Amino acid sequence: MTGLKKIIPRRFGYYLRRWRLYLRGLTNRGNAYHCPLCNHSYRKMFDGGFDLPVIKKMQIIGAGRRKSVICPGCNSTDRDRLLYVYINQCVDINKKSRILHIAPEPALAPFLQKLAPDNYVAGVKYHEGFYYSKNVKLFDIKAIPYDNESFDLILCNHVLEHIDEDDKAMRELYRVLASGGKAILQVPWSPLLKTTVEDPSVTDEAKREELFGQFDHVRLYGNDYPQRIENAGFLVHIIDPNSLFNENIPAERLAINLNEVIFVGEKQT
């Protein structure tokens, strides 16, 4: 794939990836699972993630190898579909709402853009291979180039664990969030840790895997994560995913991880 990235134009590679997913989805249609993001049903979901000793030892939520979690058609993950359900049920969005999507997941981006077609902004620090479209803006989350209170909803899903000085990033997210707005701030975290483990001097990829669970993570969050969000100014809500599902919206058929709580930061009016 590295060689292809050098040969194939990035825009062409992006659409080639989408076509491959479309064909894979067609060959896996069935009724065992349903993906609300691409609105198709499938005979199976694919396994996803990877395991490291620290992930099992620290029981990290939002990480590790997971069975039947990747949609064959749109490549959405269990957490993508969880956030889709939460936003649909619990977030008041209309076409005038302003949405900021950090490091946009390809399966979630079309859904959010459809909610607010003229006011959706996707941003990332750098383009990654064929993963992002050409419309994604480039900027640093620690210096977001938008005015105060520019957005009504922010989605920052498994990003902060990659950011050194995450407190600066959280304060920037708070700054650009409008009064009454919500920021969904998901991270992998360990329920066994009282406080977050981080060491800026650790730059070796193997050591980061050993300590934090991934080669490009700079910390492993613990039970103090909500307090860290509060320190940036947010009022924190912790959403139990079990409250979002019932017999009409079965978590099993959507392949949802019911252990992954949703961290929502609200900017009070």
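Within region 203-230, if we keep just the residues that are loosely packed, with under 15 Cβ neighbours inside 10 Å and either over 23 Å from residue 171 (Cβ atoms) or aromatic (Phe, Trp, Tyr) (or both), the residue that is nearest to the chain's Cα centre (by Cα) turns out to be 215. May I ask you to say which residue of 106, 117 is surrounded by fewer than 18 Cβ atoms within 10 Å (Cβ to Cβ) and either in contact with a Phe, Trp or Tyr (Cβ under 9 Å, 6 or more places away or on another chain) or closer than 26 Å to residue 34 by Cα (or both)? Being surrounded by fewer than 18 Cβ atoms within 10 Å (Cβ to Cβ) and either in contact with a Phe, Trp or Tyr (Cβ under 9 Å, 6 or more places away or on another chain) or closer than 26 Å to residue 34 by Cα (or both) holds for just one of 106, 117, which is 117. Residue 187: over 11 Å from residue 265 (Cα atoms) and modelled with pLDDT of 95 or more, yes or no? It is true that residue 187 is over 11 Å from residue 265 (Cα atoms) and modelled with pLDDT of 95 or more. Residues of region 41-84 that are in a helix (DSSP H, G or I) and within 24 Å of residue 104 (Cα to Cα): 78, 79, 80, 81, 82, 83, 84. Restricting region 244-261 to residues that are assigned to a loop (DSSP other than H, G, I, E, B) and of a type in the set (A, V, I, L, M), which is farthest from residue 188 (Cα to Cα)? Among them, the one singled out is 249.
Taking the listed residues 173, 193, the one that is at pLDDT 95 or above, more than 30 Å from residue 97 (Cβ to Cβ), among the hydrophobic types (A, V, I, L, M, F, W, C) and not in a strand (DSSP E or B) is 193, with no other qualifying. For region 137-157, give me each residue that is modelled with pLDDT under 95 and of a type in the set (Lys, Arg). Matches in region 137-157: 137 only.
The residue of region 37-90 that is farthest from residue 264 (Cα to Cα), among those that are of a type in the set (Ser, Thr, Tyr) and surrounded by fewer than 22 Cβ atoms within 10 Å (Cβ to Cβ), is 41. Of all the numbered requirements in (1) outside any helix (DSSP H, G or I); (2) β-branched (Val, Ile, Thr); (3) surrounded by 18 or more Cβ atoms within 10 Å (Cβ to Cβ), residue 269 misses one, and that requirement is (3). Is it the case that residue 44 is more than 23 Å from residue 241 (Cα to Cα) and out of contact with any Cys (no Cβ under 8 Å at 6 or more places or on another chain)? Criteria not met by residue 44.
What's the number of the only condition in (1) surrounded by fewer than 21 Cβ atoms within 10 Å (Cβ to Cβ); (2) under 24 Å from residue 44 (Cβ atoms) that residue 147 fails to meet? Status for residue 147: all satisfied but (2).
The values are calculated or read from the model by the stated rules, or taken from the named source; none is laboratory data. As the structure is a computational prediction, the values presented were derived from the model and not from experiment. Methodologically, a virtual Cβ is constructed for each residue, glycine included, from the backbone with ideal geometry; neighbour enumeration extends over all protein chains shown.
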